[in-house]
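Here is the structure we will look at, set down as structure tokens.
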Amino acid sequence: MTDVEGAGFVVEARPESGRFLAEVLAGLGAPRKALSPKWLYDARGSALYELICEQPEYYPARTELAILERHLGEIAGAIGPEVLVFEYGAGSGRKTVELLAALERPTGYLPVDISATALAEAARRLSRQFPGLPIRPVVGDFTEGIALPDADLACARRLAFLPGSTIGNFDPPEAVALLRRMARDAGAGGKLLIGVDPPKDEGTLRRAYDDARGVTAAFDLNLLARIDRELGGDLRLDRFRHLAVWNGRLGRVEMHLESVEAQLVHVAGASFTFRERETIHTESAYKWEPRAFDALAAIGGWRLDRTWTDERAWFSVRLYERA
């Protein structure tokens, strides 16, 4: 455990460089090239994602925030007082600020994120806004399980907070595993507040993941820049382009980096060939029908308590109890 520089936060440092290299070599060497979306979030990637959330085409962020702001009192009342909040993939914590401000006597906040830079910045900002609240950020990959530093923090119950349709980035078996992990970490009487994005027309979905300003494209291509910088790669960004594809059969938007020509690239001394138009699958965003997601959550150990949505039912914020 080490303190975040300049503040009294406790961070569990987990070196990721070796894992990053191993997953990149495996992903680029696979018959269908793919990389985990978690590697999109270095310092620049996290900043670009925050900018994506401001784009007019990206409806999930603003719609969810509007739901939270409109129903915060009701949501806080349904959660109850003296709750310990933990959040996987915390990022900037913008929505968390709204939630913490509405809750009655929260006893602590435990944000987990793979980007140490984004996490430290968010934790410092939150500490200024909530000076009496214990805030203990944890740097690490929440998909692999992390011990939360909460042994000395008393609470009436624990609340898992997963906004932003983050759950959509996981294939259904992975989503169930994450839901089970959150149920375990929430413990008896625990609750889950989660954002769920239902299906929409293909045009709306594709524009949401390929905005006119090219911010999402820059976010996607930044993964190649990160590979070049951290792993000694020679992937030229001008030889790839960002694609957003709706896969109706699987009910998900897919982000890909497409090679615009046949080429040979290198990473850490290993060589990889690309055919023209061959892609690297970098992210999926599943769009869940509410009842289908409730069934998935039940498999993961959760029972629906309350739900809030917008006028068009474009997004829902759902509160579950541990079953």
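Checking each residue in the range 122-144 for being part of a loop (DSSP other than H, G, I, E, B) and within 20 Å of the chain's Cα centre (by Cα) picks out Arg136, Pro137, Gly140, Asp141.
Those residues that are crowded, with 19+ Cβ neighbours inside 10 Å and under 20 Å from Arg184 (Cβ atoms), I need them from the range 115-149; list them, please. Result: Arg136, Val138, Gly140, Phe142, Ile146. Within the range 41-55, the set of residues being closer than 16 Å to Val139 by Cβ and either surrounded by fewer than 18 Cβ atoms within 10 Å (Cβ to Cβ) or of a type in the set (A, V, I, L, M, F, W, C) (or both) comprises just one member, Ala43. Within 17 Å of Tyr88 (Cβ to Cβ) and assigned to a loop (DSSP other than H, G, I, E, B), is that true of Ala147? Judged against the criteria, Ala147 is a match.
Scanning the range 105-121 for residues that are among the β-branched types (Val, Ile, Thr) and outside any helix (DSSP H, G or I), which turns out nearest to Pro81 (Cα to Cα)? Only one residue fits best here, namely Thr107. Return a yes/no flag: does the range 59-70 have any residue that is hydroxyl-bearing (Ser, Thr, Tyr), at pLDDT 95 or above and not in a loop (DSSP other than H, G, I, E, B). Yes, some residue in the range 59-70 is hydroxyl-bearing (Ser, Thr, Tyr), at pLDDT 95 or above and not in a loop (DSSP other than H, G, I, E, B).
Return the residues of the range 180-208 that are hydrophobic (A, V, I, L, M, F, W, C) and over 16 Å from Ile167 (Cβ atoms); say none if nothing qualifies. So that I can check it myself, show each step before the final result.
Step one: of the range 180-208, the residues hydrophobic (A, V, I, L, M, F, W, C) are 182-183, 186, 188, 192-194, 196, 205, 208.
Once the filter is applied, which keeps residues that are hydrophobic (A, V, I, L, M, F, W, C) and over 16 Å from Ile167 (Cβ atoms), the range 180-208 yields Ala188, Leu205, Ala208.
In the range 286-305 there is no residue matching the filter, namely being farther than 30 Å from Ala188 by Cβ and of a type in the set (Ser, Thr, Tyr).
What tally of residues in the range 248-263 results from selecting those that are farther than 22 Å from Tyr49 by Cα and either of a type in the set (Ser, Thr, Tyr) or under 23 Å from the mean Cα position of the chain (by Cα) (or both)?
Looking only at that region, the number is 4.
Given the condition in contact with a Cys (Cβ under 9 Å, 6 or more places away or on another chain) and among the hydrophobic types (A, V, I, L, M, F, W, C), answer yes or no: does some residue in the range 46-56 qualify?
Scanning the range 46-56, I find no residue that is in contact with a Cys (Cβ under 9 Å, 6 or more places away or on another chain) and among the hydrophobic types (A, V, I, L, M, F, W, C), so the answer is no.
In the list Arg249, Arg226, which residue meets the criterion of being among the charged types (D, E, K, R), modelled with pLDDT of 95 or more and surrounded by 17 or more Cβ atoms within 10 Å (Cβ to Cβ)?
Residue meeting the stated conditions: Arg226.
Exactly one residue out of Ala217, Ala177, Ala212 is in a loop (DSSP other than H, G, I, E, B), among the aliphatic types (A, V, I, L, M), modelled with pLDDT of 95 or more and under 24 Å from Gly251 (Cα atoms), and it is Ala212. Can you tell me how many residues within the range 255-271 are surrounded by fewer than 19 Cβ atoms within 10 Å (Cβ to Cβ) and either out of contact with any Gly (no Cβ under 6 Å at 6 or more places or on another chain) or closer than 28 Å to Trp308 by Cα (or both)? The number of residues fulfilling the criteria is 10.
How about the range 302-321: which of its residues are in contact (Cβ under 8 Å) with a residue 12 or more places away in the chain, surrounded by fewer than 20 Cβ atoms within 10 Å (Cβ to Cβ) and either farther than 21 Å from Leu250 by Cβ or not assigned by TED's automatic domain parsing to the domain that holds Asp185 (or both)?
Arg303, Leu304, Asp305, Arg306, Thr307, Trp308, Thr309, Asp310, Ala313, Leu319, Glu321
Residues of the range 59-108 being in contact (Cβ under 8 Å) with a residue 60 or more places away in the chain, β-branched (Val, Ile, Thr) and either surrounded by fewer than 19 Cβ atoms within 10 Å (Cβ to Cβ) or over 12 Å from Leu159 (Cβ atoms) (or both), which ones? Answer for the range 59-108, where residues must be in contact (Cβ under 8 Å) with a residue 60 or more places away in the chain, β-branched (Val, Ile, Thr) and either surrounded by fewer than 19 Cβ atoms within 10 Å (Cβ to Cβ) or over 12 Å from Leu159 (Cβ atoms) (or both): Thr63, Ile67.
Looking at (1) of a type outside the set (A, V, I, L, M, F, W, C); (2) without any contact (Cβ under 8 Å) to a residue 12 or more places away in the chain; (3) closer than 29 Å to Gln55 by Cβ, which is the one condition that is false for Gly168? The failed condition is (2).
Name every residue in the range 264-317 that is within 21 Å of the chain's Cα centre (by Cα) and part of a loop (DSSP other than H, G, I, E, B), in order of residue number. Within the range 264-317, Lys287, Trp288, Glu289, Gly300, Gly301, Trp314, Phe315 qualify.
The values are calculated or read from the model by the stated rules, or taken from the named source; none is laboratory data. Just so it is clear, the model here is predicted, and its values are computed rather than measured. As a convention, Cβ positions derive from the backbone with ideal geometry for all residues, glycine included, and neighbour counts pool all protein chains shown.
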